[in-house]
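Report on the following structure.
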Amino acid sequence: QVQLQESGPGLVKPSQTLPLTCTVSGGSITTNYYYWSWIRQPPGKGLEWMGAIDYSGGTYYSPSLKSRSSISRDTSKNQFTLQLSSVTPEDTAVYYCARSRVVTITNKDSGSWGQGTQVTVSS
């Protein structure tokens, strides 16, 4: 069974860059043909797919976040990361990483999900 664990700072200041890491166990991030996604859920709102990296390192981004997002991976650590720049309080959310066979994922009943990590943007 694949397991995913998000990690990163719980509090960041506006204008800073948010770094998040997803550590994967029980499966390789290079395994054909999976996508590894970042999804977030602001308070009182639905799930928002942010972007993904595939088994070969190709990246995909939500149009609304493309200009601020960068997804990469470290295959030696079996990790993939998200850096979200120029954060504002509207970026406050629970951030999830997930694995799926499709490039976009917004349903927790599909794929494999981490438990999520709370991120608050505040000065």
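Numbers below:
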{"read-out": "Where labels lie 7 Å past Cα in the beta-carbon direction, separation of Ser123 and Ser76 in nm", "value": "4.0"}
{"read-out": "Non-local Lys pairs in the chain, i.e. 8 or more apart or on different chains, that have alpha carbons under 23 Å apart", "value": "5"}
{"read-out": "Peptide ranges 30-41, 53-64, 79-90 listed from the most packed, as the mean C-beta count within 10 angstrom indicates", "value": "30-41, 79-90, 53-64"}
{"read-out": "Long-range HN-HN contacts of Thr92 with modeled amide H, under 5 Å", "value": "Val121"}
{"read-out": "Å² per residue, accessible surface of the chain at 1.4 Å", "value": "50"}
{"read-out": "Options (1) 40, 25, 23; (2) 47, 27, 26; (3) 41, 29, 25 - which one matches Cα extents along the principal axes in Å as calculated here", "value": "(3)"}
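The values are calculated or read from the model by the stated rules, or taken from the named source; none is laboratory data. It should be emphasised that the depicted structure is a prediction, and the values quoted were computed from it without experimental measurement. No Cβ is skipped: glycine too gets one built from the backbone with ideal geometry, and neighbour counts run over all protein chains shown. Side chains are part of the model used for accessible areas, which takes the heavy atoms of the whole protein and leaves out ligands, DNA and RNA. Shrake-Rupley method; radii C 1.70, N 1.55, O 1.52, S 1.80 Å.
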